Amino acid sequence: MRWQGKRKSTNIEDRRGRARPRNGARKAGGLGGIGLIAVLLIGYFMGIDVTPLLQEQGQGGYQENPTQSVEITDADRKAGDFVAANLALTEDIWADIFRKQIGMTYKPVTLVLFKGTTSSRCGGASGATGPFYCPGDKKAYLDTSFFTTLEKRLGAGGDFAAAYVIAHEVSHYVQDELGILGKANEIRARSNKAASNAISVRIELQADCYSGIWAREADKKFNILERGDLAEAINAAKQIGDDTLQRNAGRTPLPHTFTHGTSKQRVAWFKRGLGSGDIRDCDTFGAKQL
Ligand SMILES: [Zn+2]
């Protein structure tokens, strides 16, 4: 991916390298009172459902180490630049799409970079839970060490795999701005678990489709794609399908527990957005078949 030298977004809230709290004296962006526990979040939207990974390691067995000091390395700085460049690309592209396709003004999302743990209005977060979007504070959260997890544990290496994950989280914000997330969550709240999961799948596949639109338009406008980039994103979509994640965790895939869609579906919807560029073609809620 050709991202170096491109504009970097300033809509990043960099919480990395902040002194860690002692004895509950935490002040995290005015969200006091939220316990800093590495819990799975409520009301969030992720690019990747890492639950199978966590279960594979045993509950609480993930790398949560509150006493570890936070040091910003060169790799962190480079990852931060990469995220800022990608975020800028989402800003330019979604501003265009909002104006041209829906006659709305796109207001950029804030992306929180953290290292280790942080808090959000959706609950406490740790890098191990993966990147997510929190509708409660309208921010996307990302621990860039997740890119290593993506490559080493999920088999989804390459810079464009990481770009796809960023685009996916921003897509949840886009859904929020369009009123889709709020409506979907309302219905989920009064549905049983299986029905709620099925709605979640439609939300996630739509975010994948939007990510495809973003990749297409960003390349058209900024010529970002290098040979192999699309294959990296498509491979990532495949590796983080619910069936593949559960199978790789040594379990038999259970469709009623799926929250993000199968590998096949994730790839298909990403490709649909990529091929179309039109958000109307990403109507996973109206689709008879996913
Ligand atoms: Zn998601």
Can LYS221 be described as over 28 Å from HIS256 (Cα atoms) and either of a type outside the set (A, V, I, L, M, F, W, C) or within 14 Å of the ligand (Cβ to nearest atom) (or both)? yes
Do you know which residues across the range 194-209 are of a type outside the set (A, V, I, L, M) and more than 10 Å from the ligand (Cβ to nearest atom)? SER196, ASN197, ARG202, CYS209
All conditions in (1) away from the ligand (no atom under 12 Å from the Cβ); (2) in contact (Cβ under 8 Å) with a residue 12 or more places away in the chain are true of SER191 except (2)
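Each value in this text was obtained by applying a stated rule to the coordinates, not by laboratory testing. Every value quoted in this text rests on a predicted model; they were computed, and no experiment measured them. Glycine gets a Cβ as well: all are built from the backbone with ideal geometry, and neighbour counts include every protein chain shown.
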